[in-house]
Structure formats: structure tokens, C-alpha cells
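The block underneath contains the structure these notes are about, expressed in C-alpha cells.
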Amino acid sequence: MQYHLTKEGLEKSKIELERCKKEGRREIAERLKRAKEYGDLSENAEYSEAKESQTKLEDRIFELEQIIRNVVLIKKSAQKENVGIGSTIEVKKGDKILKYTIVGSREAKPEISLISNESPLGKAFLNRKVGDKVEINTPNGKVEYKIVKIE
């Protein structure tokens, strides 16, 4: 599996991985040590919670290692003819002009106009050109966008 990330997204993943491996593992080890001091582990809620946290942490470490190992870096699109991952586009929706940047799903933040290449809107824009109209089905009906600029 490939993970589309910007250079910044990759750096954030590396920093999180390092933090999980160092601080996260150290914290869990301390929690486990304290919980063992309480005695009988079979009825020790603190120990059970620490073990559960350890499992979650190790799962996250594995996930981050997979992401970093299988990353496809998104570069600012030099190609201005078609929309691609890394493109910033301006679209007209009714009377409004909206600006979106197409990113990988791990970096998507629709609230700040970073939309995933895997989202219905992102998919609809991919490989389109300036002047193309795109229709998206929403719960409130069809919405039409017209691409006015590709950066």
C-alpha cells in the first residue's frame, strides 16, 4: 500500500514515530512497573490498562513505520494543465470562488481546504482542466463546480 504525503507530512510522521518509540515506550514501561508493584496482576486494573495502552502504542508504531516505508512524496505540482495530487485549484461554485489543495488522505483537512485525492470531491477534480465542470452528488442534491485556475 502507498501513502501519499507532502514533505511536511512525512516529517510529522517521522517525529511522531520517534516520540512514540522513545517517550511513549518509556511511559508505558513506567506504568507497567508501577502496576506490577500493586501485586496480583489478574485483578489489577492499572496493569490491564497499561497493557492495552502498550498494544495501541505498538500498533501506532507499526502503522507509522509502514507509512514511512511506503510513502509517495507529493510535490507541488509543476503541471498546470491537469489537476493532480499536489495541485491547488480555484473553483467556482455558484457565485463563490473556493480554493482547494489536493493531498493524500492522511493529510486531508477539509476545514482548511486540504481535500483528499480519495474523497468524492478530490476524485472528481483529478485529471480535469481549467474550464471543466464537475458535478458531485451530495445528500442535498447535485452540486456543480467549474475549475477556474490550477496552481
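The values are calculated or read from the model by the stated rules, or taken from the named source; none is laboratory data. Everything numeric in this text was worked out from a predicted model, so none of it was measured. Note that each Cβ is placed from the backbone with ideal geometry, even for glycine, and that neighbours are counted across all protein chains shown.
Quick look at the values:
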{"quantity": "Residue in the stretch 58-78 that is modelled with pLDDT of 95 or more and over 26 Å from Y3 (Cα atoms) present", "calculated": "no"}
{"quantity": "Residues located in the stretch 125-146, provided they are surrounded by fewer than 19 Cβ atoms within 10 Å (Cβ to Cβ) and either outside any strand (DSSP E or B) or among the hydrophobic types (A, V, I, L, M, F, W, C) (or both)", "calculated": "L126, N127, K129, V130, G131, D132, V134, I136, P139, N140, V143"}
{"quantity": "For G122: the one exception among (1) buried (at least 18 other Cβ atoms within 10 Å of the Cβ); (2) assigned to a strand (DSSP E or B)", "calculated": "(2)"}
{"quantity": "Of residues in the stretch 1-27 being under 13 Å from the mean Cα position of the chain (by Cα) and hydrophobic (A, V, I, L, M, F, W, C), the one farthest from G122 (Cα to Cα)", "calculated": "L10"}
{"quantity": "Qualifying residue in the stretch 51-62 (condition: over 17 Å from the mean Cα position of the chain (by Cα) and of a type in the set (S, T, Y))", "calculated": "yes"}
{"quantity": "Test: residue in the stretch 34-49 that is surrounded by 12 or more Cβ atoms within 10 Å (Cβ to Cβ), at pLDDT 90 or above and either farther than 28 Å from I112 by Cβ or not assigned by TED's automatic domain parsing to the domain that holds Y145 (or both)", "calculated": "yes"}
